[in-house]
Every structure is written in structure tokens, then in C-alpha cells.
Amino acid sequence: MFVLAVLLVAFGQWAGQPLLRALGAVLLAAVLAAVAVTARPVRVVVTRSVYPDRVERGRPVLARLRVRNPATRRQAPFLATDRAGGTAQTVRIRALPASAEATYHYELTISTRGKATVGPLLLHRADPFGLATNRLPTGETATLWVHPRQYPARALVGAHPRHHHEGAITDDPLRGSMDLRDVREYVPGDEVRHLHWKATARTGRLMVRDLADPQQPRFTVLLDTRPDSMRPSAFEEAVDLTASLLGASTREGQHSRLVTSSGLDVPTPGGSHAARTLLDELCLVRQRGDDESLVPAALAASRGFGGCLVVVTAADAEVTSLAWLRRRYSTIFVFAIGEGGGAGAVAGARVLVADGAEHGVRRWNEVIG
């Protein structure tokens, strides 16, 4: 517009056209006014906080923005734009008197699973016609964990509950899961830290606690992360289904395990902390790996986690090779996600075909309900 204004003034002067000179002068005045309005820098102190730092994809998080004017003169209105995961939210900041402070709240919604960076804030002031803009990046960045979407799934109940002192015990106890079964006399080789001092004082002989781990409900999900197995949209549905099933299992306190075809192996003892750990892992999981095998080497070589195994794969995937896992797990389910003819039959396993995560959870609840 500045170049056009100069050309109009010059041509109007050369051609003797006062209308062109007047039009050029108006445009030139508009450009100069825009520069004058936006030339003053934005000098404020901003603090932005985001809560919570973990959220399901598609769910909003609350951001709080505090703006303080440290100057001794009034701060003119301006705009503050916050970015996260490819989305932007603009907040209009009102004029601030000297040494004044204002607080603004807004929501950020991210629809893409992953680890997103929020910020930095972009402070900018523009004239009414949008001819000039003064931009200033400021503030610190924040990290937001965008978890997969979860649907209300039921936990599969099986095996022996915690503190059930009868029945089988496991030979791979998890930390903190040992229960007292008996108090017996000390024999060489017993742990000294297991000495039962009250029983020792009462009997006059060294007595130790006999600890064992009752077999607990165990739940394993094998997620197919092979690059060519599913389209990206179907893979996101598979991740959501995995998160829903593992979330229900960990909330029931079951020993839960996440395994992927690319080699990820995360066993947990159950509980809220375990749910957060598994969701963080699912937040970062991607389709990768050059191995064409659905079952990773770590799962194939392990002695087995026991309990129930759920395999989440594509609708047209070849899953007949999973039959040999039947001797390691009491129950096997195979979820076939997406469009296709459906996964092949697996000896000793039940195949559930689902269009997406929500449909898969409904099928799951019907089967185990």
C-alpha cells in the first residue's frame, strides 16, 4: 500500500490529476498511522500455566494467563496468541494501567495424540486495518501429554484376588506384592530381614515370615505397531482401544502389561500410577519397526505374564501364528480393527471384529459382561 500510495502521488503530480494525488495521500497517511499505532512495543510481564499437564486427545485443558504492566504508564490493548499441537488460541488483552495486573482464562484443545509443546506466547498489536503488526514472542513453554481417548470398558476379573492365601502362587512376584502365608522356624539361607521378632521371643527360637505371592489377575495387551499393518487412522483407533482396556485393568488393581510389535514391554503392578505410566507410553507409541512378526522377540522368549492376552491388530492381519501362545495364557482375545474380511481363526482364541475403538469396547463389554 505504501508503494501504491507513492506511485499514485507521483503519477498524479506528473499528470496533473489532483484526485490521484489526494488518493495517494490518503493511502500514505493510513500506512503512517498504522506504523505509529503499532510502533510502541508491548512491555508486559506474562505468566502462563496449563492444567492439567495430561489430557485425553480432543479434551480441553485450562490455561491461565497473568499479565502485569511493570511500567509507569498505561499499556495499550494488545493480543496474546498461544499455540499447542498445531492449534492456536488468541486472547484480547485489555488496556492496563500502570503497575496493574489482570488474569485471563482460556481453553486449549488438541486432537492429536502425543507430547505437545505449549507456547511460547506471541504478543502482538495491530492497527484496525491490519496494515502493520508488532509481534513479540515471550514467556516459557510448557509440555502437555495428550493421551489416547478412553472409553468406559469393564475389567476382566479372573485368577485369585489379592491376599488370597490359598491356591497357586507365582514364581515371578512383583515388588510389594508379597503376602504372609506362615511363620516357621529359621533355616540357613533365609532372609534375615524376614525374622519375626515377636514369635522368636515367644518360642525362644529364630522364627521367620514365610512370604509368597498369590497368583493375581494379570492382563496383557499386544498392540500391532508394524508400519504396513494399519492405516494411520485405524492405528489411532487401535491405540484408543488399548488405552481403554489397560485403563480399566489398572484401575481394578490388576497386574497389567503393554507390549508392542516394535519391542516395547511395560509390565506394571496396577493402580493409578501404573495407569499413568501406561498412558504415557501409549502417548508416544508410533508405527515403526522393520520386523514382519506380530509377536516381538521379548514376548516370544519370555516365560509368559500369565492371565489374559488381548491382541489388537488390523482386520486383515494374519494371526494364526498366535496359536502357540495359548499354552502361556489362560484366555486370548484378538481385536481386528478397521475394514476388511476379518482376522483368521486362532485356535483357543476369540476374534472380535470392530470398526473402531468405541465399537471395540462395546464388543468387549458384551463378551465379558
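The values are calculated or read from the model by the stated rules, or taken from the named source; none is laboratory data. Just so it is clear, the model here is predicted, and its values are computed rather than measured. FYI the Cβ positions are ideal-geometry reconstructions off the backbone, even for glycines, and counts take in every protein chain you see. Accessible surface is based on the protein model in full, side chains and every heavy atom, while ligands, DNA and RNA are left aside. Shrake-Rupley method; radii C 1.70, N 1.55, O 1.52, S 1.80 Å.
Odds and ends about this structure:
- Pairs meeting the criteria (first residue in the stretch 84-105 and modelled with pLDDT under 90, second residue among the aromatic types (F, W, Y) and exposed (fewer than 12 other Cβ atoms within 10 Å of the Cβ), beta carbons under 9 Å, at least 6 apart or on different chains) are lacking.
- In a residue-by-residue description of the stretch 37-44, the property of being of a type in the set (A, V, I, L, M, F, W, C), farther than 16 Å from R94 by Cβ and modelled with pLDDT under 90 applies to at least one position.
Let's see how each residue does on (1) open to solvent by 30 Å² or more (accessible area, probe 1.4 Å); (2) of a type outside the set (F, W, Y); (3) over 19 Å from the mean Cα position of the chain (by Cα); (4) within 30 Å of D280 (Cβ to Cβ):
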{"residue": "A34", "(1), (2), (3), (4)": "no, yes, yes, no"}
{"residue": "R40", "(1), (2), (3), (4)": "yes, yes, yes, no"}
{"residue": "V46", "(1), (2), (3), (4)": "no, yes, yes, yes"}
{"residue": "D53", "(1), (2), (3), (4)": "yes, yes, no, yes"}
{"residue": "T72", "(1), (2), (3), (4)": "yes, yes, yes, no"}
{"residue": "G85", "(1), (2), (3), (4)": "yes, yes, no, yes"}
{"residue": "L96", "(1), (2), (3), (4)": "no, yes, yes, no"}
{"residue": "E101", "(1), (2), (3), (4)": "yes, yes, yes, no"}
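- Members of the stretch 298-317 found to be open to solvent by 20 Å² or more (accessible area, probe 1.4 Å) and at pLDDT 75 or above, listed by number: G307, D316
One line per residue, one yes/no per condition, for (1) closer than 17 Å to L282 by Cβ; (2) open to solvent by 60 Å² or more (accessible area, probe 1.4 Å); (3) touching a Pro at 6+ places or on another chain (Cβ under 6 Å):
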position: Y104; (1), (2), (3): no, no, no
position: R113; (1), (2), (3): yes, no, yes
position: H124; (1), (2), (3): no, no, no
position: A132; (1), (2), (3): no, no, no
position: R135; (1), (2), (3): no, yes, no
position: T141; (1), (2), (3): no, yes, yes
position: L144; (1), (2), (3): yes, no, no
position: P148; (1), (2), (3): yes, no, no
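- The single condition among (1) surrounded by fewer than 13 Cβ atoms within 10 Å (Cβ to Cβ); (2) part of a strand (DSSP E or B) that L108 does not satisfy is (1).
- Subset of the stretch 114-130 (residues that are modelled with pLDDT under 80 and assigned to a loop (DSSP other than H, G, I, E, B)): D127, P128, F129, G130
- When R73, R83 are checked against the criterion of being among the charged types (D, E, K, R), closer than 25 Å to P137 by Cβ and in a strand (DSSP E or B), a single residue qualifies: R83.
- In the stretch 74-83, the residues that are touching a Lys or Arg at 6+ places or on another chain (Cβ under 6 Å) and either exposed (fewer than 12 other Cβ atoms within 10 Å of the Cβ) or at pLDDT 90 or above (or both): P77
- Set A10, A63: member being small (G, A, S), modelled with pLDDT of 90 or more and out of contact with any helix residue (DSSP H, G or I) (no Cβ under 7 Å at 6 or more places or on another chain): A63
- Test set (1) over 22 Å from P137 (Cα atoms); (2) out of contact with any Gly (no Cβ under 7 Å at 6 or more places or on another chain) - V9 fails condition number: (2)
- Residue that is farther than 22 Å from I332 by Cα, touching an Asp or Glu at 6+ places or on another chain (Cβ under 9 Å) and of a type in the set (K, R), where the choices are R226, R205: R205
- Residue within the stretch 349-357 that is part of a strand (DSSP E or B), surrounded by fewer than 16 Cβ atoms within 10 Å (Cβ to Cβ) and at pLDDT 75 or above present: yes
- Scanning the stretch 173-194 for residues that are in a helix (DSSP H, G or I), of a type in the set (A, V, I, L, M, F, W, C) and either at pLDDT 90 or above or within 26 Å of H255 (Cα to Cα) (or both) returns no hits.
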